[in-house]
Each structure stands twice: as structure tokens, then as C-alpha cells.
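All remarks here apply to the structure that follows.
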Amino acid sequence: MSPQKEKYYRFLFLTSAIYDWVLGLVFTFFQTPAFARMGIADKLPQFGGYITLLGAFVFVIGVAYFLIFRGDLRQNRDLILVGTLYKLAYCAVAFYYFLTGPVPHLVFVVLFGVVDLIFFVLMAQCWLFLRKAAQS
């Protein structure tokens with residue numbers, strides 16, 4: 001892998017780490033103001049533990065992206081696959097609910113869904129590149 005391409009992929013995973021850390025912290029500790037800011041405070045579950053747990057999961061996957069960023073991309077190929085599938089899972093769920101029923105707020109699809117779709121495509125590209133290089 002060229003140094004420029006490696007730098008690009010590292011930047012991708014660092015950006016994703018920061019993005020997921022911010023979202024994870026917001027939805028773990030500041031879910032009420034976040035839902036209010038999006039205009040969907042009435043959609044917040046009575047038991048906030050669901051959103052807190054999801055926020056914590058998002059934060060943890062951000063840690064995984066940081067580990068990919070600072071580690072050996074080739075050796076982290078399996079972790080890259082998991083992170084790529086995580087991004088696919090989020091955007092698939094977001095788009096599914098957008099297409100099949102009322103979405104509480106379009107920000108879930110327009111912002112989070114589209115951003116995760118972009119991350120998915122770029123991470124899949126990285127994984128496929130590393131896989132092909134390993135087979136050569």
C-alpha cells in the first residue's frame with residue numbers, strides 16, 4: 001500500500017472514531033437535550049437505558065475505529081470488516097424505516113444514515129483493497 005493511500009485510510013478511521021465518539025457521548029449522557037434539539041423529545045423512551053446503551057455501543061465502536069487508525073491496517077482487516085458491517089447495519093436500518101414508515105425525524109436518515117452510508121462505502125473499499133493485497 002502506498003504511504004499516501006495508507007494515510008488516507010488512517011484518516012478515514014480517525015474521522016469515523018471521532019464521529020462515533022461524539023455521537024456515543026451525546027446519546028449516552030445528553031439524550032434528552034439531543035432529542036429535544038431534533039424536535040422529537042416525545043419519542044424518547046420512558047426508560048432511557050435503551051438510548052444510553054446504544055450510545056455506549058456507538059462510543060465503543062469509535063474506540064475500535066481508533067484502534068484501526070493507530071494500528072496495522074493489514075493486521076486489522078477483520079476489525080475493519082466488523083466496523084464496515086456496523087456502518088452497513090446502521091444505514092440499512094435508517095433507510096428501511098425511512099422507506100417503510102414514519103421516521104421520527106429525518107435527521108436519522110439524512111444525516112446519520114447518509115454519513116454512515118458514506119463511511120460504509122469507503123470502509124468497504126479499504127477492506128476489499130486489503131483483502132486483494134493479502135491474496136496477492
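Read-outs: derived from the displayed coordinates by stated rules, not from any lab. As the structure is a prediction and not an experimental result, all values here were calculated from the model. Neighbour counts run over all protein chains shown; Cβ positions are idealised from the backbone, glycine included.
Tabulated data
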{"read-out": "Mean ellipticity per residue at 222 nm, deg cm²/dmol - from DSSP H runs of n ≥ 4 across the chain, formula -39500 (n - 2.57)", "value": "-26000 deg cm²/dmol"}
{"read-out": "Additional length obtainable on full extension of the chain from residue 14 to residue 1, 0.36 nm per residue less Cα span", "value": "2.9 nm"}
{"read-out": "Difference of contour (0.36 nm per residue) and Cα-Cα distance, residue 89 to residue 114", "value": "7.8 nm"}
{"read-out": "Using distinct alpha-carbon pairs, which all enter the 1/r mean, Kirkwood radius of the stretch 1-41 in Å", "value": "12.0"}
{"read-out": "Cleavage-rule hits (trypsin sites (Lys or Arg not before Pro)) in the stretch 46-109: DSSP loop, at most 11 neighbouring Cβ within 10 angstrom", "value": "none"}
{"read-out": "Rounded D (µm²/s) - the stretch 3-135, Kirkwood Rh over Cα pairs, Stokes-Einstein at 10 °C, 1.306 mPa s", "value": "102"}
{"read-out": "Extension gain from residue 57 to residue 44, taking 0.36 nm per residue of separation minus the Cα-Cα distance", "value": "2.9 nm"}
